[in-house]
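Following: one structure in structure tokens, then a few remarks.
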Amino acid sequence: MKQRLNIKICSLAIGSMLVCQTALALEAPKGRVILTVSGNITETNSDQGALFDREMLLELGVDSMDTGTPWTEGVNTFSGPRLAALLDTVGAKGESLSVTALNNYSANLPVQDAYDHNIMLAMDVNGKKMSVRDKGPIFVLYPFADDPSLNNEVIHNRSVWQVKAITVK
């Protein structure tokens, strides 16, 4: 399944010249929607913004990260797409993100964190799909093992689990 669909938009310009440009649009999700991205984005697939099912997120590319967290036992292998890949896909144009969990907990984080810290949208842990009980379906995960300076209250508050929505501001 291709992530993007090319759409040719044509209009009649002054002087009767046909002008065409290709617009990229996200495909509609085929499975259950687990993430809604809205706000200052250029690519959408619904009037709510950009809706993603699990397969669409996995198609953004899957990386893995071995790390411990303050909320899990020991070092685990997390996998999922990078937040930067998601932001690039939806054409994010803002400076900050509001990340909201299923229980409506919300945290703000700078868009630049996605690129500076290579944040993962963890969807699997130790090869198993993350359930809501295990912080799924999506866990905003900073690379704590790679950069111990991230182990602080500010970053802990930005590490939202059970993510359902991201608003680009």
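The values are calculated or read from the model by the stated rules, or taken from the named source; none is laboratory data. Treat the numbers as computed from the prediction; the structure is a model and nothing was measured. Neighbour counts run over all protein chains shown; Cβ positions are idealised from the backbone, glycine included. The protein model used for the area step is the full one, side chains on, heavy atoms only, and it has no ligands, DNA or RNA in it. Shrake-Rupley method; radii C 1.70, N 1.55, O 1.52, S 1.80 Å.
Looking at (1) in contact (Cβ under 8 Å) with a residue 24 or more places away in the chain; (2) under 15 Å from the mean Cα position of the chain (by Cα), which is the only condition His156 fails?
Of everything listed in (1) in contact (Cβ under 8 Å) with a residue 24 or more places away in the chain; (2) under 15 Å from the mean Cα position of the chain (by Cα), His156 misses just condition (2).
Can you name the number of the only condition in (1) at pLDDT 95 or above; (2) within 30 Å of Asn126 (Cα to Cα); (3) not acidic (Asp, Glu) that Ser46 fails?
Going through the list (1) at pLDDT 95 or above; (2) within 30 Å of Asn126 (Cα to Cα); (3) not acidic (Asp, Glu), Ser46 breaks only (2).
Mind counting the residues in segment 130-152 that are touching a residue at least 40 places away in the same chain (Cβ under 8 Å) and open to solvent by 30 Å² or more (accessible area, probe 1.4 Å)?
Going through segment 130-152 one residue at a time, the tally reaches 4.
In segment 153-169, how many residues are outside any helix (DSSP H, G or I) and open to solvent by less than 50 Å² (accessible area, probe 1.4 Å)?
Residues flagged as outside any helix (DSSP H, G or I) and open to solvent by less than 50 Å² (accessible area, probe 1.4 Å) within segment 153-169 amount to 8.
Out of (1) at pLDDT below 50; (2) within 14 Å of Thr89 (Cβ to Cβ); (3) part of a loop (DSSP other than H, G, I, E, B), what's the single condition that is false for Gly15?
(2)
Report the residue count in segment 38-58 for those that are open to solvent by 40 Å² or more (accessible area, probe 1.4 Å) and of a type in the set (Asp, Glu).
2
Within segment 94-122, which residues are assigned to a loop (DSSP other than H, G, I, E, B), among the aliphatic types (A, V, I, L, M) and surrounded by fewer than 21 Cβ atoms within 10 Å (Cβ to Cβ)?
Leu102
Residue under question is Leu86, and the condition is that it be on the phi < 0 side of the Ramachandran plot, crowded, with 21+ Cβ neighbours inside 10 Å and either assigned to a strand (DSSP E or B) or in contact with a Phe, Trp or Tyr (Cβ under 9 Å, 6 or more places away or on another chain) (or both); does it hold?
In short, yes.
Under 9 Å between Cβ atoms, which residue pairs at least 6 apart in sequence (or on different chains) link something in segment 88-109 that is touching a residue at least 24 places away in the same chain (Cβ under 8 Å) and more than 16 Å from Ile34 (Cα to Cα) with a partner that is open to solvent by 90 Å² or more (accessible area, probe 1.4 Å) and β-branched (Val, Ile, Thr)?
Here the result reads none, with nothing in segment 88-109 linked to a residue that is open to solvent by 90 Å² or more (accessible area, probe 1.4 Å) and β-branched (Val, Ile, Thr).
Please verify whether segment 45-68 includes one or more residues that are in contact with an Asp or Glu (Cβ under 8 Å, 6 or more places away or on another chain), within 13 Å of Ile166 (Cβ to Cβ), in contact (Cβ under 8 Å) with a residue 12 or more places away in the chain and in a loop (DSSP other than H, G, I, E, B).
No: segment 45-68 contains no residue that is in contact with an Asp or Glu (Cβ under 8 Å, 6 or more places away or on another chain), within 13 Å of Ile166 (Cβ to Cβ), in contact (Cβ under 8 Å) with a residue 12 or more places away in the chain and in a loop (DSSP other than H, G, I, E, B).
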